[in-house]
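Single-structure report; data block below.
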Amino acid sequence: MKKEVMLVTGAGQISMAIARRIGFGKKIILGDKKIENANAIAKIMNEAGYDVEPFEMDLSSRESILAIIAEAEKYGEIRYLVNGAGVSPSQAPIEAILKVDLYGTAVLLEEVGKVITKGGCGVTISSQSGWRMPQLTAEQDRQLATTPAEELLSLEILKPENIRDTLHAYQLAKRCNEKRVMAECVKWGERGARLNAIAPGIIVTPLAIDEFNGPRGDFYKNMFAKCPAGRPGTADEVANAAELLMSDRGAFITGSTFLIDGGATASYFYGPLQP
Ligand SMILES: NC(=O)c1ccc[n+]([C@@H]2O[C@H](COP(=O)([O-])OP(=O)(O)OC[C@H]3O[C@@H](n4cnc5c(N)ncnc54)[C@H](O)[C@@H]3O)[C@@H](O)[C@H]2O)c1
């Protein structure tokens with residue numbers, strides 16, 4: 001029997017948790033820049049009864065995105081997209097964060113939006129980090145949402161002189177992800193498909209561990225200690241939200257971002273985490 005096709009980018013903990021939750025019985029194409037990461041996750045999942053094919057791809061390259069889409073389409077029309085590829089503020093310089101997290105995600109949502117099958121759905125992982133950044137102007141939001149992907153990195157707001165550090169770049173990238181989801185969900189809707197974002201707080205994964213050991217380690221440890229939940233989250237808890245968004249119970253949810261951060265953002269504005 002032909003299987004439904006699920007395209008997953010980023011062979012990390014969050015992607016794997018979502019893929020395990022909703023990917024059973026589906027053909028899963030798992031892309032990562034580090035093929036060893038994709039191989040490792042594919043091995044774990046294939047040995048647990050899933051059907052995962054690892055694929056080397058770079059989210060910052062349109063050519064590479066088109067290549068993984070073509071690979072996935074060998075097995076049928078793409079029905080599910082999970083975008084869990086990304087780099088964090090302690091892992092990469094400003095240019096790489098903008099190219100991978102901001103530009104790459106924009107291209108992926110655009111290209112998958114051209115081929116997603118009727119009834120399909122996608123989820124991209126943004127971040128609570130973007131929620132701590134002050135509001136942008138209506139015009140800046142519109143630019144992040146609708147500027148053609150190839151022109152995004154030339155926007156005034158994204159020029160190097162206007163970006164303070166890697167954290168600021170990451171926050172802009174994640175804000176942009178959520179605005180792109182709003183704009184793209186309109187086009188996905190024309191194909192009978194849905195698209196949403198999940199903005200996680202601190203979730204224990206290799207990426208978060210790099211943050212704990214990076215220059216903002218104390219900031220993050222304080223954040224989860226003082227947030228209402230009093231702890232970091234797990235990738236499986238992100239998968240709980242993804243399961244809702246990607247199931248029929250989420251049929252009326254599209255163009256939305258689910259913040260799932262143990263209340264850290266709430267505490268940052270109105271509780272003990274206020275700066
Ligand atoms: N872990 C957290 O606390 C947290 C919080 C908020 C948001 N996020 C976001 O969640 C997403 C997934 O992160 P995670 O915590 O599962 O991290 P992870 O480190 O477990 O996985 C990320 C994966 O992305 C891959 N990757 C990096 N650059 C790539 C590129 N250019 N092309 C393809 N693959 C690439 C890495 O090799 C890695 O395998 C990221 O977008 C991250 O910003 C994570």
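For the chain, the longest principal axis of the alpha carbon atoms and the long axis of helix 217-226 meet at an angle near 90°.
Helix 105-115: angle to the longest alpha-carbon principal axis of the chain, degrees 0 to 90, nearest 10? With both axes taken from Cα atoms, the answer is about 30 degrees. At q = 0.09, 0.10, 0.14 Å⁻¹, work out log10 I(q)/I(0) for the chain with the Debye formula, treating every Cα as an identical point scatterer and leaving solvent out; two decimals please. Values returned for q = 0.09, 0.10, 0.14 Å⁻¹ are -0.37, -0.47, -0.95. Among Val123, Val8, the ranking by other beta carbons within 10 Å of each residue's beta carbon, starting with the fewest, stands as Val123, Val8. I need the shape label for segment 143-271. Rule: rounded when a/c is under 1.5, else prolate if a/b > b/c, else oblate, with a, b, c from the alpha carbon gyration tensor. Verdict is oblate for segment 143-271.
If the limit is 31 Å between Cα atoms, which of Lys27/Lys179; Lys3/Lys221; Lys26/Lys221; Lys43/Lys187; Lys43/Lys226; Lys114/Lys174 go over it?
Those over the limit are Lys3/Lys221; Lys26/Lys221; Lys43/Lys187; Lys43/Lys226.
Against the main long axis of the alpha-carbon atoms of the chain, helix 62-73 sits at an angle near 40°. Taking all Cα pairs closer than 8 Å and separated by 6 or more residues, the relative contact order of segment 154-275 comes to 31 percent.
The string of couplings for segment 91-96 from the Karplus curve (6.51, -1.76, 1.60, θ = phi - 60°) is 9, 8, x, 3, 4, 5 Hz, one whole number per residue in order, with x for Gly and Pro.
Between the amide H of Ile78 and those of Thr117, distances stay under 5 Å, these residues lying 5 or more places away or on another chain, with hydrogens modeled in the peptide plane. Once C-alpha pairs closer than 8 Å and six or more residues apart are averaged by separation and normalised to the residue number of the chain, the relative contact order reads 20 percent. Among Cys176, Cys227, a tally of other beta-carbon atoms within 10 Å of each Cβ gives an order, fewest to most, of Cys227, Cys176. Residue exposure proxy: Thr147, Thr166, Thr9, ordered by other Cβ atoms within 10 angstrom of their Cβ from fewest to most, comes out as Thr147, Thr166, Thr9. Each residue of segment 133-150 was assigned a 3J(HN,Hα) from its phi angle through the Karplus curve 6.51 cos²θ - 1.76 cosθ + 1.60 (θ = phi - 60°); the sequence is 6, x, 4, 8, 6, 4, 5, 5, 4, 4, 5, 5, 6, 10, 4, x, 3, 5 Hz, with glycine and proline shown as x. How many angstrom separate the Cα center of segment 98-146 from the Cα center of segment 175-199? If we compute the Cα centre of each part, the gap is 7 Å. For Ala199, nonlocal amide neighbours, meaning residues 5 or more places apart or on other chains whose placed amide H falls under 5 Å from its own, are Ser126, Phe258, Leu259, Ile260. Per-residue Karplus couplings for segment 251-259, computed as 6.51 cos²θ - 1.76 cosθ + 1.60 with θ equal to phi - 60°, are listed in order as 4, 9, 9, 8, x, 10, 10, 9, 7 Hz, Gly and Pro entered as x. Over all other residues within a Cβ to Cβ distance under 15 Å of Val238, the charged ones net out to 0, with Lys and Arg as +1 and Asp and Glu as -1.
Only the coordinates and a few stated rules stand behind these numbers; no lab work does. Everything numeric in this text was worked out from a predicted model, so none of it was measured. Neighbour counts run over all protein chains shown; Cβ positions are idealised from the backbone, glycine included.
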